[in-house]
Amino acid sequence: MKVTGDREVCVGAGLCALTAPEVFDQDDDGLVTVLAPDPGDGDKAAAREAAVLCPSGAVRVVE
């Protein structure tokens, strides 16, 4: 699994960081920061959910 966050598209909703805090965070401007681009098994489901919930489509997960 590969997780990315497009900071150019991010609107700072924060759903990624709330849904998968081990995988995502937000910087001082509220934009997505990927903490774990290759999350462990315990965080994969949360990363997938964060991608679905992201209102701008900035979070992407490639299996």
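No lab work stands behind these numbers, since they all come straight from the coordinates. Everything quoted here is computed from the prediction, not taken from an experiment. Because the Cβ atoms are built from the backbone with ideal geometry, glycine has one as well, and the counts that use them run over all protein chains shown.
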Next on the checklist: Given the criteria touching an Asp or Glu at 6+ places or on another chain (Cβ under 8 Å) and not in a strand (DSSP E or B), does E8 qualify?
Outcome noted: no
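Residues of region 47-63 being over 10 Å from M1 (Cβ atoms) and surrounded by fewer than 18 Cβ atoms within 10 Å (Cβ to Cβ), which ones? Spell out the reasoning first.
First, the residues of region 47-63 that are over 10 Å from M1 (Cβ atoms): 49-60.
Within region 47-63, E49, V52, L53, P55, S56, G57, R60 qualify.
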Next on the checklist: Give me the residue from region 15-30 that is of a type outside the set (A, V, I, L, M, F, W, C) and over 9 Å from the mean Cα position of the chain (by Cα) and, out of that set, surrounded by the most Cβ atoms within 10 Å (Cβ to Cβ).
Outcome noted: Q26
